[in-house]
1. Loop by DSSP (not H, G, I, E, B), at most 14 other beta-carbon atoms within 10 Å: where is the longest site-free stretch of the chain for GluC sites (Glu not before Pro)?
2. How do 73, 22 line up, fewest other C-beta atoms within 10 Å first?
3. In degrees from 0 to 90, rounded to the nearest 10, what is the angle of the helix 92-107 Cα long axis to the longest principal axis of the chain?
4. For the range 45-94, state which chymotrypsin sites (Phe, Trp or Tyr not before Pro) are in a DSSP loop and have at most 14 other beta carbons lying within 10 Å of their beta carbon.
5. Compute a Gaussian network model of the chain, connecting alpha carbons closer than 10 Å, and tell me which residue from 44, 82, 25 fluctuates the most.
6. Under a point-charge model restricted to the Cβ atoms of Lys and Arg (+1) and Asp and Glu (-1), what is the dipole moment magnitude of the chain relative to its Cα centre, in debye to the nearest 20?
7. Mind listing which trypsin sites (Lys or Arg not before Pro) in the range 12-88 are in a DSSP loop and have 14 or fewer other Cβ atoms within 10 Å?
8. Among (i) 104; (ii) 149; (iii) 119, which one is volume of the Cα convex hull per residue in Å³ computed from these coordinates?
Amino acid sequence: MYGTVESINLTEYNKLKELLTMHGIPFEERVRPLFKGLNHYQLIYPKDGPERKSDVVIGLGTYGAKDGLLEQMGLIPAEEYIDDDVQGWLDAETVFKRWKNDYNSSIN
């Protein structure tokens, strides 16, 4: 069944976690159970609450989950913003570059 824990490819999600950790970029992880073994996996940059600038999710109903790709909210470049608060079908490298650029600009 599409969307079960077993069927969601978390390769890009795990790659993003690894890149962020390797480069010392802060994030929080949430795994939210839905029902019958279905989960939403979420990475929040830099942390949850008022300081949240962006997050990515993958799970049942997210844009790209069927293909193992991420859905991002926040820090979407203006030239790529269409008419939605989220952008889907993203790989880990794309999200990482956005978060890294923001992180580097905030520490300089």
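1. Numbers: sites that count: 6, 51.
It works out to 52-108.
2. On the way: 73 17, 22 9.
Fewest-to-most Cβ neighbours within 10 Å comes out as 22, 73.
3. 30
4. Details: sites: 63, 81, 89; in loops: 63, 81.
Passing sites in the range 45-94 are 81.
5. Comparing 44, 82, 25 in a Gaussian network model of the chain, the most mobile one is 82.
6. On the way: 12 positive and 18 negative charges, 76 e Å.
In debye, rounded to 20, the chain gives about 360.
7. Details: sites: 15, 17, 30, 36, 47, 52, 53, 66; in loops: 36, 47, 52, 53.
Sites meeting the loop and neighbour criteria: 36, 47, 52.
8. Evaluating volume of the Cα convex hull per residue in Å³ on these atoms matches (i).
Readers should treat all values here as calculations from the given coordinates under stated rules, not as data from a laboratory. Since this is a predicted model, take the numbers as computed values, not measurements. Cβ: placed from backbone, ideal geometry, glycine included. Neighbour counts: every protein chain shown.
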